[in-house]
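The values are calculated or read from the model by the stated rules, or taken from the named source; none is laboratory data. Since this is a predicted model, take the numbers as computed values, not measurements. Methodologically, a virtual Cβ is constructed for each residue, glycine included, from the backbone with ideal geometry; neighbour enumeration extends over all protein chains shown. Protein only, heavy atoms only, side chains kept; ligands, DNA and RNA dropped before computing areas. Shrake-Rupley method; radii C 1.70, N 1.55, O 1.52, S 1.80 Å.
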Amino acid sequence: MVEVSRRSVLIGGLAALGVGVLGACSPDRPQRPESSPLPGPPLQASPKPGQKVVEASLTARPVAVDLGAGIIANTWAYGDEVPGRVVRATAGDFLRVNVDNQLPAPTTVHWHGIRLRNEADGVPDVTQQAIAPGNRFVYAFTAPDAGTHFFHPHVGAQLDRGLYAPIIIDDPADAGDYDAEWIVVLDDWTDGVGKSPDQILADFQADSGPLKSGMGGMDHSSMPGMNHGNSSLGDAGDVAYPHYLINGRVPEAPTEFRCRPGQRVRVRLINAASDTVFKVALADHTMTVTHSDGHRVNDKQTGALYVAMGERYDVTITAGDGVFPLVAAAEGKSGQALALLRTASGQAPPSTIRPRELEGPVLLGADDLAAAESARLPDRDPDTTLKVTLNGQMSPFAWGINGKKYGQDTPLTVRPGQRLRMQITNSTMMVHPMHIHGHTWSLPDRSGLRKDTVLIRPMGRVNVDLDADNPGAWALHCHNIYHMETGMMTTLRYA
Ligand SMILES: [Cu+2]
């Protein structure tokens, strides 16, 4: 077999395909478009004959990075840059990534959004022992689905340092209806310039206590750097960061993306922040949202959209003539991140520029998008439904799922082959971007919208379905790193 892709299924490479794929392609099922995800990810630990292998090496180590405007931050990163270099492959490729841990702490790498084999998922004490300082670990897996993803550690508050980078899986069936591609990674930054992430976590932990029942949270809009009164989402974050970054740069020294006027640009937005939801707009441009968490949606136009921690959106824009600010405003906080789209000479706008699109309607993926036909799971009633209730409050600082902090939790269980519905209810006064590993949810109330990270509003409820086709033990957690590390995590295990 050359590639484990839907294309090879449709053009007739059936003989060499694995059992899982054959089982899903019984003739009585309607054929699905080429870009559809495979029903079950390939689980083999080494490449199949003829499968393309993509090799990459990451060295996690302490480094000084230049954030611009004279700000040098001592941090931890993959190599010399923040974000780290892009890892890129095509759907169906086999990836072998050697990780060399030169940090003074254990680490792991999680491949966020990729439906991979459990052993490569990078969750300490669930799928592997953390990589000790001075040790190496090889992550080996097939990446079955195209999409915009990223990778980061799954240990402590390490994600809140510079340890993140995009991983882009290209679709061999994608017509490439754009002229240029712009990868935009959003982040909230304190490491090496403000309180360290470890200290922030330690302070929250020192403040921690039992989970209270019922509603929790607090309005901390009076705290410096926080501005919850203006948020339409409710309480969106706990930490006022000194800086917000796009592609590793502060707004006073933004990166520039250059192309020609009239060119169509695919912008891949990734929120790698630990505690910040961003509201994103490109001045004087309409964005057409095409993908959510890597998966195709029905095209939807908007002037602005929310991107929560762990979420990714692909949007297409047609570049105007001039210099245009791409602004990511920190929701409920003071401050913003900035980059520039430049198609002509001219002066850059001030770093505090606020595109008027930010004041108009703001798209929220889980409310406003619908799955494209090609991304939908087959229609099926759930075999089983599990309630997932998010609990917690700011004071004492404690977060959990189904009344328990991670460690005291009762794992969720599913049987192989089941369609599982999770009914996620947020009983707190904060937003929580909930993330599932190893699977992509389908949102039955959004025509099957596929997402692996779903922002759930205060007191909100979202139904999410998955097909249990990837055996193992999988993390389910809030992607606010401080909520996760103080308890808002559990696992989904196959019976
Ligand atoms: Cu949370």
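Residue 363 - would you say it is of a type outside the set (Phe, Trp, Tyr) and away from the ligand (no atom under 16 Å from the Cβ)?
It is true that residue 363 is of a type outside the set (Phe, Trp, Tyr) and away from the ligand (no atom under 16 Å from the Cβ).
Residues to consider are 402, 463; find the one that is touching a Pro at 6+ places or on another chain (Cβ under 7 Å) and over 21 Å from residue 127 (Cβ atoms).
Unique residue meeting the criteria: 463.
If residue 461 passes every condition in (1) away from the ligand (no atom under 16 Å from the Cβ); (2) open to solvent by 10 Å² or more (accessible area, probe 1.4 Å); (3) closer than 27 Å to residue 238 by Cβ; (4) not aromatic (Phe, Trp, Tyr) but one, which one does it miss?
It is condition (1) that residue 461 fails.
In region 357-374, which residue that is assigned to a loop (DSSP other than H, G, I, E, B) and of a type outside the set (Val, Ile, Thr) is farthest from the chain's Cα centre (by Cα)? Can you show your working first?
Residues of region 357-374 that are assigned to a loop (DSSP other than H, G, I, E, B), as a first pass: 360-362, 364, 369-370, 372.
Now narrow it down to the ones that are of a type outside the set (Val, Ile, Thr): 360-361, 364, 369-370, 372.
Values: 360: 25, 361: 23, 364: 15, 369: 17, 370: 18, 372: 20 Å.
Looking at residues that are assigned to a loop (DSSP other than H, G, I, E, B) and of a type outside the set (Val, Ile, Thr), I get 360.
Kindly indicate the residue of region 123-158 that is among the small types (Gly, Ala, Ser) and within 15 Å of the chain's Cα centre (by Cα) and also nearest to residue 489 (Cα to Cα) among those meeting that condition.
In the first step, residues of region 123-158 are kept if they are among the small types (Gly, Ala, Ser); the result is 130, 132, 134, 140, 143, 146-147, 156-157.
Add one more test, that the residue is within 15 Å of the chain's Cα centre (by Cα), and what stays is 146-147.
Numbers: 146: 27, 147: 25 Å.
My answer is 147.
All but one of (1) buried (at least 24 other Cβ atoms within 10 Å of the Cβ); (2) more than 12 Å from the ligand (Cβ to nearest atom) hold for residue 432; which doesn't?
(2)
For region 400-415, state whether one or more residues are farther than 27 Å from residue 486 by Cβ and either away from the ligand (no atom under 16 Å from the Cβ) or open to solvent by less than 20 Å² (accessible area, probe 1.4 Å) (or both).
yes
I'm trying to understand the selection: among the residues of region 66-79, which are surrounded by fewer than 15 Cβ atoms within 10 Å (Cβ to Cβ) and β-branched (Val, Ile, Thr)?
72
Scan 281, 308 and give me the residue that is within 24 Å of residue 149 (Cβ to Cβ), touching a helix residue (DSSP H, G or I) at 6+ places or on another chain (Cβ under 7 Å) and open to solvent by less than 20 Å² (accessible area, probe 1.4 Å).
It is 281.
In this structure, does residue 473 turn out to be buried (at least 20 other Cβ atoms within 10 Å of the Cβ), modelled with pLDDT of 95 or more and away from the ligand (no atom under 14 Å from the Cβ)?
Answer is no for this residue.
Go through 341, 363 for me and flag whichever is touching a Lys or Arg at 6+ places or on another chain (Cβ under 7 Å) and either assigned by TED's automatic domain parsing to the domain that holds residue 187 or under 27 Å from residue 293 (Cα atoms) (or both). Write out each step before concluding.
Numbers: 341 fails: touching a Lys or Arg at 6+ places or on another chain (Cβ under 7 Å).
Checking each option against the conditions leaves just 363.
Does residue 253 fit the bill of being open to solvent by less than 10 Å² (accessible area, probe 1.4 Å) and either in contact (Cβ under 8 Å) with a residue 12 or more places away in the chain or in the same structural domain as residue 345 (by TED's automatic domain parsing) (or both)?
Numbers: open to solvent by less than 10 Å² (accessible area, probe 1.4 Å): no; either in contact (Cβ under 8 Å) with a residue 12 or more places away in the chain or in the same structural domain as residue 345 (by TED's automatic domain parsing) (or both): yes.
No; evaluated as a whole, the condition is false for this residue.
Quickly run through region 416-429 and pick out the residues that are over 12 Å from residue 488 (Cβ atoms), within 14 Å of the ligand (Cβ to nearest atom) and in a strand (DSSP E or B).
If the condition is that a residue be over 12 Å from residue 488 (Cβ atoms), within 14 Å of the ligand (Cβ to nearest atom) and in a strand (DSSP E or B), then 425 is the only one that fits.
For the condition farther than 11 Å from residue 363 by Cβ and surrounded by fewer than 20 Cβ atoms within 10 Å (Cβ to Cβ), what is the one hit in 321, 314, 293?
The match here is 321.
Go through region 350-366 and give me each residue that's farther than 16 Å from residue 276 by Cβ, touching a residue at least 60 places away in the same chain (Cβ under 8 Å) and surrounded by fewer than 19 Cβ atoms within 10 Å (Cβ to Cβ).
Listed by number, the residues that qualify are 351, 352, 353, 356.
Conditions tested, residue by residue: (1) crowded, with 22+ Cβ neighbours inside 10 Å; (2) under 27 Å from residue 293 (Cα atoms).
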| site | (1), (2) |
| --- | --- |
| 57 | no, yes |
| 81 | no, yes |
| 84 | yes, yes |
| 104 | no, no |
| 107 | yes, yes |
| 117 | no, yes |
| 128 | no, yes |
| 139 | yes, yes |
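Give the residues of region 390-415 that are in a loop (DSSP other than H, G, I, E, B) and polar (S, T, N, Q), sorted by residue number.
Correct list: 395, 402, 408, 410.
Going by the structure shown, is residue 346 of a type outside the set (Val, Ile, Thr) and either in contact (Cβ under 8 Å) with a residue 40 or more places away in the chain or out of contact with any Gly (no Cβ under 9 Å at 6 or more places or on another chain) (or both)?
no
Assuming residue 104 fulfils every condition listed in (1) outside any strand (DSSP E or B); (2) in contact with a Phe, Trp or Tyr (Cβ under 7 Å, 6 or more places away or on another chain); (3) not acidic (Asp, Glu) apart from one, which condition is it?
(2)
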